[in-house]
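The values are calculated or read from the model by the stated rules, or taken from the named source; none is laboratory data. It should be emphasised that the depicted structure is a prediction, and the values quoted were computed from it without experimental measurement. Positions of Cβ are backbone-derived with ideal geometry, glycine not excepted, and every protein chain shown enters the neighbour counts.
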Amino acid sequence: MPTPPLRILHVEDDPADAELVLRALRRGGLTVAVSRVEDRPGLEEALGESWDAVLVDAHLPELDAGESIALVRARLRDVALLVVSGTVGEETVADLVRRGADDFVPKDRLARLPGALAREMVRAQERAARRAADERAHWLAYHDPLTGLPNRNAMAAFEAAQLAGVAETGFIAVEIREFREINHALGFELGDRVLQELAERARRATPPGCLLARGGGDGFAVLVPEGPATCRQIAQDLLGALANPVEIGGVRLTVAAAAGFAVSPRDGTGVNALRRAAHVAVNASRRSGEALVEFNVTMDTFDPSALALAADLRRAVERGEITLAYQPKVDLASGAFSGAEALARWTHPELGPVPPGRFIPVAERLGDIVPLTRSLVRRALSESRSWLSTHPGTRVAVNLSARLLGRADLVEHLDAALAQAEMPPSCLELEVTESEIMQDPAHAIAVLGELAARGIAVSIDDFGTGYSSLGYLVSLPVSAVKIDQRFVRALPAGRKEALVVRATIELGHGLDLAVIAEGVETAAAAQYLRENGADQAQGWHVARPMPPTQLETWIRARDA
Ligand code: C2E
Ligand code: MG
Ligand code: MG
C-alpha cells in the first residue's frame, strides 16, 4: 500500500519560490501534498486542519515570520515548523527559533530541506509523545482513574486557587456504606461500574463552583465555597441522587450512603483539618443512624486544637476575657428598640477573634460552660442595666447551651446570677435553639416551665432548622420564636423560604408567641416581614452586634 503523501502547509507569497521548494522536496524522495497560503486569513483557515509540517517564508509583505510562527504554534504546538527564506542575519534566525521555529533553511540551499524536514518531523513526533505522556501523568496526579473525578491533590490545588479570601468553606464527606459487600457479591468489575455510576450522579448533583472529588476509599468529597446552610442542602441533594437504585449487569441494588460536613473557619482551617472534621461527622452518623451529620467539636474527642483551645478558654473565662457584643432587636411596626441579644466574643491572644460557634462547643464539652454562662448572664445584666431601666418591657437575651438545659442546677445558677446583679428576672431572656430542646423535649419542657414561672422569658432560636415535631411547640412554655437566618436572608425573592417564614409567623401567632426574624439584612426583607406580620426584626439591616457603650448611643439615637 503506498504511503499517503505528507501534508505540508507552505506560507509563501511567491508561486515561483513555492515551486522551487516543492521540487526540492520531491528531489529528496519525499511524496508530498503541499497547500500554499500567502496571508493571515489564509493561514488562520488552514490551521483548522492538521499538517505533517509547516514551512514559513520569512519575508511576506503582509505577514512577518514571527507572527506566522506564533499563529502556527498557538494551534499546532508540536508540528515540525521550518523557516524557508532568503538570506537573513544570524540574529533573525536565533529570534525565529526562539519564537518556535525548529530550523532555518535558506532558499539558496534548498537541497538541505528534505533532510531537515524529515529530521524535524521525527523530533516533532517525539515531542508530541512526550507531551501526551506528561499530560497523562499530570492528569493522573490529580484524578482518580476509575471515575475520572479529581482526587485529593486536586482538592489542595482547588483550595489554593479558588478558596483564598472566601469567607466560609465547607467540606462534605460522602461515604458509601457496605461497599466491600457489594464488591464481594458482584465482583470488583461490577463494583467498579457501580462506583462509576454513582460518580456520574454525584457529578450531576454538584453545583458549579464546588469541587467534587473521589474521597479515597469508597466515597466522595465536595469542597463548597459557602457556609453550613448551603453545605447541608448540597449534601442532601447528593444523598438523594445516590439513593436511587443502581442497575448494573441485570442487577438492581441500592447503596446506603451517609454524609458529614464541616465548615471553616468554625471547625478548623485548611482542607486537611476540614476533611478530618467531616469524617468525624460521618462516623458520628454511623452511631446516630442519621444520614447527614454536621460536625461539631463535641464529637471530636481527639481534636488537639480543641484541647489547646480549651485550656486557653478556661483561663480567659477565669479572667473575664470573654466579652459580649449586643445586637438590638426592633419592633417592626413602630421601629422602636425592643431589646438586645448578647453574643459572646473572645479575642485569643495569638489566634485573634475566635467565633462563638467554635469556642462555645469547646466550653460545653470541657465543662466550662456553666461558669461561662453564669458570668455572661451577670455581665449582660450589668452592662444593660441602664437601658433596661429606661426602657420598660425590654429584655436582654443570652444564648443558652443545650448542656445547661440538661443540668439540674441551671435554675439555681440563674437565680444566683440575677441576685448578684441585683436585677429582676423580668429583665432576662434566654435563647435556646430548637435542636437543643429536641434533644430531650420532655425534660426541656419541665426546665422551661420552671424558668417561665420565675418570669424569665425564653425564645426558641434558629427556628425551622431543628426538625422538631411541631407537636411539642404547643406544650413549650416559651414566649417567642426566632425564625432562622437561613430563611430570612432569602427574603423576599426565595419562594420556598418566604413560605416557611409566613407559615412560622402564622404558627407563632396562633400559639400566642412573638415572632422575631433574625438575619434581616436588607430593607426589602424588613418590608416583607412587616407586611406579613412578623413582630420584631434583628439583623445587619437594623444593626450589627456592638460593644455595650455603643449600644447605649445607638438606642439614644433610635429614641430621638
Ligand atoms: P444566634 O444566637 O442565632 O446568633 C445570631 C448570629 O447571627 C450571630 O453570630 C450574629 O452576629 C449573626 N447575625 C446577626 N445578624 C445577622 C445578619 O443580618 N446577617 C448575618 N449573616 N448574620 C447575622 P455570632 O455572634 O457569631 O453567634 C453565632 C452563634 O453562636 C449564635 O447564634 C449562638 O448560637 C452562639 N452563641 C453566641 N454567643 C453565645 C453565648 O454566649 N452562649 C451560647 N451558648 N451560645 C452563644
Ligand atoms: Mg441567639
Ligand atoms: Mg439564631
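Please work out which residue is surrounded by the most Cβ atoms within 10 Å (Cβ to Cβ), limiting yourself to the range 259-282 and to residues that are under 21 Å from N153 (Cβ atoms) and without any contact (Cβ under 8 Å) to a residue 40 or more places away in the chain.
Step by step, filter the range 259-282, then rank; the result is G268.
Looking only at residues that are within 12 Å of ligand 3 (Cβ to nearest atom) and either charged (D, E, K, R) or closer than 23 Å to L428 by Cβ (or both) in the range 486-499, which one is modelled with the lowest pLDDT? Spell out how you get there, then give the answer.
From the range 486-499, those within 12 Å of ligand 3 (Cβ to nearest atom) are 486-489; that's our starting set.
Cutting the leftovers down to either charged (D, E, K, R) or closer than 23 Å to L428 by Cβ (or both) gives us 486, 489.
Working: R486: 89, R489: 94.
Among those residues, the one meeting the criterion is R486.
A quick yes/no check of all residues on (1) over 28 Å from A344 (Cβ atoms); (2) touching a residue at least 40 places away in the same chain (Cβ under 8 Å); (3) within 30 Å of the chain's Cα centre (by Cα):
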{"position": "A498", "(1), (2), (3)": "yes, no, yes"}
{"position": "T504", "(1), (2), (3)": "no, yes, yes"}
{"position": "L511", "(1), (2), (3)": "yes, no, no"}
{"position": "V515", "(1), (2), (3)": "no, no, no"}
{"position": "E521", "(1), (2), (3)": "no, no, yes"}
{"position": "H541", "(1), (2), (3)": "no, no, yes"}
{"position": "E552", "(1), (2), (3)": "no, yes, no"}
{"position": "R556", "(1), (2), (3)": "no, no, no"}
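Looking at the range 389-406, I want the residues that are within 29 Å of E364 (Cα to Cα) and at pLDDT below 90 and have a partner that is polar (S, T, N, Q) and away from ligand 2 (no atom under 14 Å from the Cβ) with Cβ atoms under 6 Å, at least 6 apart or on another chain. Which pairs are those?
A402/Q439
Where residues in the range 506-548 are out of contact with any helix residue (DSSP H, G or I) (no Cβ under 6 Å at 6 or more places or on another chain) and charged (D, E, K, R), which of them is surrounded by the most Cβ atoms within 10 Å (Cβ to Cβ)?
Here the answer is D535.
Taking the residues in the range 172-193 that are acidic (D, E) and outside any loop (DSSP other than H, G, I, E, B) as candidates, determine which candidate is modelled with the lowest pLDDT.
Let us first name the residues in the range 172-193 that are acidic (D, E), namely 175, 178, 181, 189, 192.
When the remaining residues are screened for being outside any loop (DSSP other than H, G, I, E, B), the result is 175, 181, 189, 192.
Numbers: E175: 91, E181: 75, E189: 83, D192: 87.
Among those that are acidic (D, E) and outside any loop (DSSP other than H, G, I, E, B), it is E181.
Give me the strands (runs of 3 or more DSSP E) completely within the range 194-289, filtered to those with at least 2 residues that are modelled with pLDDT under 95 and among the β-branched types (V, I, T), ordered by residue number.
Ranges flagged: 246-248.
Determine which member of the set F337, F359 is surrounded by 16 or more Cβ atoms within 10 Å (Cβ to Cβ), of a type in the set (F, W, Y) and within 16 Å of ligand 2 (Cβ to nearest atom).
Working: F337 fails: within 16 Å of ligand 2 (Cβ to nearest atom).
The unique qualifying residue is F359.
Out of (1) outside any helix (DSSP H, G or I); (2) surrounded by fewer than 17 Cβ atoms within 10 Å (Cβ to Cβ), what's the single condition that is false for A308?
(1)
Is it the case that some residue within the range 443-453 is surrounded by fewer than 19 Cβ atoms within 10 Å (Cβ to Cβ) and not in a helix (DSSP H, G or I)? Give the steps one after another, and end with the answer.
Quick first cut of the range 443-453, residues surrounded by fewer than 19 Cβ atoms within 10 Å (Cβ to Cβ) only: 443, 445-446, 449-450, 452-453.
Filter again for not in a helix (DSSP H, G or I), leaving none.
No: zero hits.
Taking the range 482-529 only, how many residues are part of a strand (DSSP E or B) and either touching an Asp or Glu at 6+ places or on another chain (Cβ under 6 Å) or away from ligand 1 (no atom under 16 Å from the Cβ) (or both)?
3
Does the range 408-445 hold any residues that are in contact with a strand residue (DSSP E or B) (Cβ under 8 Å, 6 or more places away or on another chain) and within 16 Å of ligand 2 (Cβ to nearest atom), and which are they? Explain how you work it out, then say what you get.
Filtering the range 408-445 down to residues in contact with a strand residue (DSSP E or B) (Cβ under 8 Å, 6 or more places away or on another chain) leaves 414, 418, 426-435, 437, 444.
Scanning the range 408-445 gives L428, E429, L430, E431, V432, T433, E434, S435, I437.
For residues that are more than 16 Å from ligand 3 (Cβ to nearest atom) and closer than 16 Å to G464 by Cα, tally how many sit in the range 501-560.
Count: 7.
Per-residue answers, yes or no, for (1) under 15 Å from W51 (Cβ atoms); (2) among the acidic types (D, E):
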position: R77; (1), (2): yes, no
position: V83; (1), (2): no, no
position: P106; (1), (2): no, no
position: A111; (1), (2): no, no
position: V122; (1), (2): no, no
position: D144; (1), (2): no, yes
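One residue is enough: does the range 536-548 have a residue meeting the conditions closer than 25 Å to Q233 by Cα, more than 11 Å from ligand 1 (Cβ to nearest atom) and in a helix (DSSP H, G or I)? Quick ask: steps written out before the conclusion?
The first filter runs over the range 536-548 and keeps only residues closer than 25 Å to Q233 by Cα, leaving 538-540.
From the residues that got through so far, the ones that are more than 11 Å from ligand 1 (Cβ to nearest atom) too are none.
Within the range 536-548, none of the residues are closer than 25 Å to Q233 by Cα, more than 11 Å from ligand 1 (Cβ to nearest atom) and in a helix (DSSP H, G or I).
Yes or no, residue by residue, for (1) aliphatic (A, V, I, L, M); (2) farther than 26 Å from G268 by Cβ:
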{"position": "A336", "(1), (2)": "yes, yes"}
{"position": "P355", "(1), (2)": "no, no"}
{"position": "W387", "(1), (2)": "no, yes"}
{"position": "T390", "(1), (2)": "no, yes"}
{"position": "T394", "(1), (2)": "no, yes"}
